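A.B. asks: This is the structure, below, for whatever I ask next.
Each reported figure results from applying straightforward, stated rules to the coordinates on display, with no laboratory input. None of these values were measured; they are calculated from a predicted model. Quick reminder, even Gly has a Cβ in these numbers, built from the backbone with ideal geometry, and neighbours come from all protein chains shown.
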Amino acid sequence: MRVAFGTDERTTLTEALIAHLVKSGHDVEVVADPGWWPDVGRGVGEAVASGRAQVGVVCCWTGTGVSMAANKVAGVRAALCADAETARGARRWNDANVVALSLRLTSEQVGREVLDAFFATEADPAEAAAVARLH
């Protein structure tokens, strides 16, 4: 899968996440590294919305700013996920196409679990009408 990745700060966590994505067989494009969090979120969001990437991963200190910025891009459904079950639900019920992570709260292990759950889960077609109401 083609993944757009952006972070406002390069850390050991972001290095580990990129390495995990590559090891898992994904083609990773680092869109913004480092950069202002609004630019990071928008850059990843635009990559996903344009089809240049199928999904996105964004990181900032809390994860909130980059998710807000990504969600300003039409067609993006970014979800801030602190654990695998939230990531699974965001994909299943909300058809999230961008996952946001907190650099402050996310350990490497939890980050890998979140990404694995996010990428392993498909959107539930029964939720399509609800997701369509977002636009």
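A.B. asks: Assigned to a helix (DSSP H, G or I), over 13 Å from the mean Cα position of the chain (by Cα), in contact (Cβ under 8 Å) with a residue 40 or more places away in the chain and within 24 Å of Thr121 (Cβ to Cβ) - does that describe any residue in the range 20-34? Talk me through it step by step, then tell me what you get.
C.D. replies: First, pick out the residues of the range 20-34 that are assigned to a helix (DSSP H, G or I): 20-23.
This time we only want the ones that are over 13 Å from the mean Cα position of the chain (by Cα), so: 20, 22-23.
After this cut, where a residue has to be in contact (Cβ under 8 Å) with a residue 40 or more places away in the chain as well, the list is 20.
Add one more test, that the residue is within 24 Å of Thr121 (Cβ to Cβ), and what stays is 20.
There is at least one residue in the range 20-34 that is assigned to a helix (DSSP H, G or I), over 13 Å from the mean Cα position of the chain (by Cα), in contact (Cβ under 8 Å) with a residue 40 or more places away in the chain and within 24 Å of Thr121 (Cβ to Cβ).
A.B. asks: Of (1) in contact with a helix residue (DSSP H, G or I) (Cβ under 6 Å, 6 or more places away or on another chain); (2) surrounded by 21 or more Cβ atoms within 10 Å (Cβ to Cβ); (3) among the aliphatic types (A, V, I, L, M), Ala47 satisfies all except one. Which?
C.D. replies: (1)
A.B. asks: Something else: Identify, from the list Gly56, Gly65, the residue that is farther than 22 Å from Glu113 by Cβ and touching a residue at least 12 places away in the same chain (Cβ under 8 Å). Write out each step before concluding.
C.D. replies: Numbers: Gly56 fails: farther than 22 Å from Glu113 by Cβ.
Selected residue: Gly65, the only one of Gly56, Gly65 that is farther than 22 Å from Glu113 by Cβ and touching a residue at least 12 places away in the same chain (Cβ under 8 Å).
A.B. asks: Which of the residues spanning the range 75-132 are of a type in the set (Lys, Arg), assigned to a loop (DSSP other than H, G, I, E, B) and touching a helix residue (DSSP H, G or I) at 6+ places or on another chain (Cβ under 7 Å)? Before you say what the answer is, go through the steps one by one.
C.D. replies: We begin by selecting, within the range 75-132, every residue of a type in the set (Lys, Arg); these are 77, 88, 91-92, 104, 112.
Next cut, assigned to a loop (DSSP other than H, G, I, E, B) only: 77, 104.
If the condition is that a residue be of a type in the set (Lys, Arg), assigned to a loop (DSSP other than H, G, I, E, B) and touching a helix residue (DSSP H, G or I) at 6+ places or on another chain (Cβ under 7 Å), then Arg77 is the only one that fits.
A.B. asks: Restricting attention to the range 95-135, and to residues there that are hydroxyl-bearing (Ser, Thr, Tyr) and within 17 Å of Ile18 (Cβ to Cβ), which single residue is surrounded by the fewest Cβ atoms within 10 Å (Cβ to Cβ)? So that I can check it myself, show each step before the final result.
C.D. replies: Going through the range 95-135, the residues hydroxyl-bearing (Ser, Thr, Tyr) turn out to be 102, 106-107, 121.
Next, only the ones that are within 17 Å of Ile18 (Cβ to Cβ) stay: 102, 106-107.
Numbers: Ser102: 20, Thr106: 23, Ser107: 10.
Once the filter is applied, the top-ranked residue is Ser107.
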